[in-house]
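Visitor: Input: one structure, supplied below.
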Amino acid sequence: MRPLETREIVVASHNEGKVAEINDLIGPFGFHAKSAKELNLAEPEETGTTFEENAGIKALAAARATGLPALSDDSGLCVDALDGAPGVYTADWAEKPEGGRDFAMAMRKVEEKLVEAGATMREKRGARFVSVLCLAWPDGHAEFFRGEVEGTLVWPPRGSQGFGYDPVFMPDGHDRTFGEMPATEKHGWEAGRGDLGLSHRARAFALFARHKLGAE
Ligand code: IMP
């Protein structure tokens, strides 16, 4: 792995929420994240078929455009009974024909497909959230950090916290969905929890922080 020599990195995302989350994580280590939007970078098309490919496309494009190391995140929901779908197409399943995203519709779509597949019993409703972070340099060198969390899909959706598919995802070992948990609990950052975190993104970040920022 290559050491991170600059304190300034670009976050290859136009999503201000993601950039804020990344700044919260790297700030205490003396790093600062600039967003792709702040730098007016174009958003590349995510043409990959794996989370790693798409994370790589985003991070490499931002690193080459700015000359700085760039960090990207690609994530999604993989449902066992649907052979891993929606996977890299998780955001696409929420696209409305008239534009914009509707996650209530996307969760309903997943549920309809689970019913079609005969997956109505809890043991057939396994799923995982995946988050892959890519740190890429302008010369094309890239490193990846993958976090996953296993769980079960419930129906109907429960809770109004979090975002996206959180209200139908109940992580293993818990009896509430991510939609019913405050962010600190979803990410596993409250006092007393293990250092790896709970959510897929927290787990990927923990690996990144450990390997690149010198976290314990
Ligand atoms: P991305 O921005 O291309 O990585 O899209 C990821 C998709 O997966 C988004 O549509 C999110 O709604 C969904 N997703 C990723 N992480 C989470 C999560 O922590 N909770 C709920 N949905 C998520």
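Visitor: Only Cα pairs under 8 Å and at least 6 apart count here; give the relative contact order of segment 8-213 as a rounded whole percent.
Guide: Value for segment 8-213: 17 percent.
Visitor: Here's something else I'd like to know. Using Cα springs under 10 Å in a Gaussian network model of the chain, which residue among P138, P182, P28 shows the largest mean-square fluctuation?
Guide: Sorting by GNM fluctuation, first place goes to P28.
Visitor: In addition: For segment 1-129, what's the radius of gyration and Dmax over Cα atoms, in angstrom?
Guide: Rg, Dmax (Cα atoms, Å): 17.6, 52.
Visitor: Give me the number: length gained by fully extending E150 to K37, i.e. 0.36 nm times residue separation minus the C-alpha to C-alpha distance, one decimal in nm.
Guide: Separation in residues times 0.36 nm, less the Cα-Cα distance, equals 37.5 nm.
Visitor: List, in the order given, every pair from K18/K109; K58/K186; K34/K58 whose Cα-Cα distance in the structure shown is over 18 Å.
Guide: Details: K18/K109 25 Å; K58/K186 26 Å; K34/K58 14 Å.
Correct reply: K18/K109; K58/K186.
Visitor: At most 16 other C-beta atoms within 10 Å and a DSSP loop state: those are the exposed trypsin sites (Lys or Arg not before Pro) I care about. Give me the longest piece of the chain that has none.
Guide: So the longest stretch without any such site is 38-157.
Visitor: A follow-up question, please. When the Kirkwood radius is taken over all Cα pairs of the chain, what Stokes-Einstein diffusion coefficient follows at 25 °C and 0.890 mPa s, in µm²/s?
Guide: For these conditions, the coefficient is 137 µm²/s.
Visitor: What list of ³J(HN,Hα) couplings, whole Hz, do you get for segment 64-72 from phi and the Karplus terms 6.51, -1.76, 1.60, once you set θ to phi - 60° and write x for glycine and proline?
Guide: My calculation for segment 64-72 gives 5, 6, 10, x, 10, x, 10, 10, 10 Hz in order.
Visitor: Among G118, A70, A55, which residue has its Cα furthest toward the positive end of the charge dipole of the chain, with +1 on Lys/Arg Cβ and -1 on Asp/Glu Cβ?
Guide: Positive-end residue among those listed: A70.
Read-outs throughout are calculated quantities, based only on the coordinates presented, and are distinct from any laboratory measurement. On a predicted model such as this, the values are computed, not experimentally measured, just so you know. Don't worry about glycine lacking a Cβ; one is built from the backbone with ideal geometry, like all the others, and counts go over all protein chains shown.
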